[in-house]
Amino acid sequence: MSARIQDDQRDTDLADAPLDAALRRVWDTPRGVWGALATVDHKVIGRRYIATAFVFLAFGGVLALLMRWQLARPESRVLTPDLYNQIFTVHGTSMMFLFAVPVMEAMAVYLVPLMVGTRNIAFPRLNAFSYWMYLVGGILLWGAFLVDMGPDIGWFAYVPLAGPQYGAGKRVDIWAQMITFTEISALAVAVEIVVTVLKQRAPGMSLDRIPLFVWAMLVTSFIIIMAMPAVMVASTALILDRLVGTHFFNPAEGGDVLLWQHLFWFFGHPEVYIIFLPAVGMISSILPTFVRRPIFGYLPLVLAMVSVGILSFGLWVHHMFTTGLPRLGESFFTASSMAIALPSGIQIFCWLATIWYGRPVYRTPFLFILAFFFTFIMGGMTGVMVASVPLDTQLHDSYFVVAHFHYVLVGGAVFPLLGGIYYWFPKFTGRMMSERIGKWVAGLLFTAFNFTFFPMHVLGLLGMPRRVYTYQLDMGWGGLNLFVSLSAVVLAAGFLLFFYDAVRSARHGEPAGDNPWGAATLEWATASPPPSYNFARLPVVRSANPLWEDDGVLPVAGGLRVDRRELLVTTVGDALPEARESSPRPTIWPLWSALATTALLLGSILTPWAVVWGAVPVTIALIGWFWPGGRKEEES
Amino acid sequence: MRIRPLPSLALLLLCGGCAGWQSALDPQGPSAQALGQLLHGFVLVLAAIWLAVLVVLAVALRRRSRATPQAADRHAGIAVGTACVATVLVITGLTLASYVTTRVISAGAEAPLVVRVRALQWWWEVTYPGEAGPDVVTANEIRIPAGRPVRIELSAADVIHSFWVPNLAGKQDLIPGRDNVLTLTARQPGQYRGQCAEFCGMQHAHMAFMVIAEPPEAFAAWRAAQQADSAAPAGAEEAFGRRVFEQKPCGACHTVRGTEAKGTNGPDLTHLASRATLAAGMLPMTRGALAAWIADPQTIKPGNNMPMVPLTPAELQAVSAWLATLR
């Protein structure tokens, strides 16, 4: 056989074993350090992303314990006020920007290409770049904190406290640049997800057959693309105010301090849904597996997620109800904040109907869904309370709000996420997590969470403001605070057990097999863990639950070349095959580009000239990134 | 009108007897009363919904469906549709209740007492614009006549703060470059504690103030007394203390009317000893606490803007003795 013919070999020409060998040759990540740094495999990057996000979760949790230690007793002097303020700022910033948003995107980086049945995420090099940027942003924040330069102005960084006059030193600049790092990485992933979902779905996966987690990530990615620029504008304006003396936020020079709050919350409220929507997507994808029937209300669920996405941009003012905005405007935002209860309700009702007509199997992921119901719905109810302008004047900035958003974010996002980890862990690693430990983890976290955070509702109503490093003995808050602190220790023990189980199971867990739960979606149609090319032959989809139809035997599409990285591009609506598209090979340039961008951004904390000189290495790195290397992938 | 304790809820049982002097659960004015009622209404309705959902979930987990898929989908569709209609009705009801409460709270008050409150890191400057006589300037304590509406004009000198006296009203931010207003009324004489509710820096936790409601006559007498200059030193030690105060840097930041001290960075101390607390609610107003505060303000309230002024023990004694007489 001549080399010429081999060049053009297609998957249809080969039997399974030679096809596997041929695909491994072009898709496998090279071994060694270089391979690890240059990889563009969405699964490797996704795993890294998830692991890193959980490390930041653990770090943020340690800070939470330190705060609870300080608050356990009145007028305690465990932490100085300066350290406490750094700790609550880094806790909030870390949990929001380094854990919650990235971990959801990370799950999508790993799962979405598998769930839509393609071989790699769109723009794999951008994906690699986004991980490096995220990692550096996290190291920047935590490194600064460890050398006593952690930001101390809250994760919301209200001006003028964060402005040049009151936020002395470099702490605020570090916060603002950390935002830039994480926003760049979040935006990059969002773009990849949108393109992957719209253009790389398996043939036949029309819009009404997309798994609900993928729908959730599509909506989330659009929210990210529209919301994150607001906070980039805000943080850039803040840096300019601090670095070169612009006066965006200085009322003495015609600026406005409320402008910051508008910009920040125009991003900050959608941010909540950026975290929450992926979680509801996970529930919609996990639930059918454990009640043994398809989800009820696919279309209403999709429409609910889309309308949540749209409404989420009309709520930001409810973070500003006590700033003295005009009554009419406040009333409008009360109404819109209340209105989002409807699409949220629709999702709850559809899940209840699914369970009602299903046959529940009480495995660990399902237990986390039950914990979600109990906890998140309570958070939703208190959300209705803070949406009311008059009530919010009592609740705002008190511990009631701390309780509320932990119920929403932990109950509404972290519980489904942990359920998702237990659910997809076998796909990630090829091994099951322990069912026995998993039940302990779910029980401990659920109980300890409610013991930790429920009393905070009461503390808030008793007048305890947020973000106080201590409180006086005669306020009468001591007993509840001590109870909260002790419960927090149990909560931490639950997380510790989870980490133990994950680390242990990754090496010693039961081998899982391709589809241990008997699930319906495409990620279970390949091996666990999936080979580097995901699917040897691309699946063809004929229903919303492909593995539950036709005895789980999928028809496949053929005709892709096997001598270069190639995947299938399909139409947006009906996922009809359109073209073969090549997918890039590993390269070190995303890492260099991330390091060059890091140098620019870090330098700009010190001098505006860094933006000028720093542009040179960034340019060089980008030229290297796009330089044609004569590889087969670049021929097409 | 008699104040009825609000109906107790499971929420309140958890904190038996601790609805205190800084609590939204113990309303002592019409504004907080309206908010308290709204709070209880919301909690009852929402708790009922929460329970209902969990009951449905529990039933859903226990039952075994024998319905055909088609029938199941039809029934579920009807149930979900009904639940959505109910959601819309409840949301609309709660929204309307909120509007009504807002109208009640923001109804204009007749002939209110005007008090200007300016927030600074980390204390409150309180000014009573002169009705008859000069302005009264005090700090961290707002005296008001019980039963009369008080219009509080809020401004901020440095960063954003938030004014919150939960027993009397909801909170309102104080924002540089903006003027906000809050109207509150205390039905009965009493002491109500307030605290800054917007994170404002290092000592956000120690930025409290007292609202002291008094019978109208007592308030009028207090106001008249506050308009006077500081009292002349009663004895030799007090006179020495006053001289120390004037000669040391104290006067650069503090005003004591009737002396050389005319600074404006710190609280006006003309009638310092008439206040209930020291250092924005941190310490009781005693001579000992005054001495401790002056000797080492940075240990008591780290990061605050009062420097430690080196004084000999005798000077410290004298200054605190003199300040303790400024009633």
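Read-outs throughout are calculated quantities, based only on the coordinates presented, and are distinct from any laboratory measurement. Given the structure is predicted, the values throughout are model-derived calculations rather than measurements. Note: ideal-geometry Cβ built from the backbone for every residue, glycine included; neighbour counts use all protein chains shown.
Details
- Dipole of the protein assembly as shown, positive end: most advanced residue of A:169, A:340, B:122 [Cβ charges, Cα centre]: A:340
- Distant-in-sequence amide H partners of residue B:114 (H built 1.01 Å from N, under 5 Å): B:151
- Kyte-Doolittle at least 0.0, axis length at least 30 Å by Cα - qualifying DSSP helices, chain A: A:42-71, A:124-146, A:171-199, A:212-244, A:257-291, A:364-387, A:435-461, A:478-508
- Farthest towards the positive end of the charge dipole of the stretch A:1-146, among the residues A:27, A:63, A:45, is the Cα of A:63, using unit charges on the Cβ of Lys, Arg, Asp and Glu.
- For the stretch A:134-272, size of Cβ-based charge dipole, Lys and Arg +1, Asp and Glu -1, in debye: 420 debye
- Result for chain B in a Gaussian network model with C-alpha springs under 10 Å: among B:54, B:35, B:278, the largest mean-square fluctuation is at B:54.
- Cα point-scatterer Debye curve for the stretch B:149-261, base-10 log of I(q)/I(0) at q = 0.22, 0.24 Å⁻¹: -1.12, -1.18
- Charge dipole magnitude, Cβ of K and R +1, D and E -1 - the protein assembly as shown, Cα centre, debye nearest 20: 1920 debye
- For trypsin sites (Lys or Arg not before Pro), the sites in the stretch A:158-237 that DSSP calls loop and that have at most 16 other Cβ atoms within 10 Å are A:170.
- Shielding by partners for peptide A:160-172, expressed as the average number of C-beta atoms from other protein chains within 10 Å of each residue's C-beta, is 2.
- For the protein assembly as shown, the fraction of alpha-carbon pairs in successive 10 Å shells from zero, as %: 2, 11, 19, 22, 18, 13, 8, 4, 2, 1, 0, 0
- Interchain or long-range residues, amide H under 5 Å from residue A:560's placed H: A:11, A:12
- Expressed in units of 2.2 N^0.38 Å, where N is the residue count, the Cα radius of gyration of the stretch B:152-192 is 1.26.
- At an R0 of 45 angstrom, the distance between the Cβ atoms of residue A:572 and residue A:483 translates into a FRET efficiency of 0.25.
- Rounded to the nearest 20 debye, the dipole magnitude of the stretch B:194-325 is 100 debye, with +1 charges on Lys and Arg beta carbons, -1 on Asp and Glu beta carbons, and the Cα centre as origin.
- Size check on the stretch A:1-124: the Cα extents along the three principal axes, sorted descending, read 83, 30, 23 Å.
- Note on residue A:510 and residue A:595: with the Förster distance fixed at 45 Å, the Cβ-Cβ geometry gives a FRET efficiency of about 0.65.
- When you filter the GluC sites (Glu not before Pro) in the stretch A:529-636 for DSSP loop state and at most 13 other Cβ atoms inside 10 Å of their Cβ, you are left with A:635.
- Note on chain B: the alpha carbon radius of gyration divided by the globular reference 2.2 N^0.38 Å gives 1.33.
- Projecting the Cα atoms of B:277, B:316, B:244 onto the charge dipole of the stretch B:235-327, computed from C-beta unit charges around the Cα centre, puts B:277 farthest toward the positive end.
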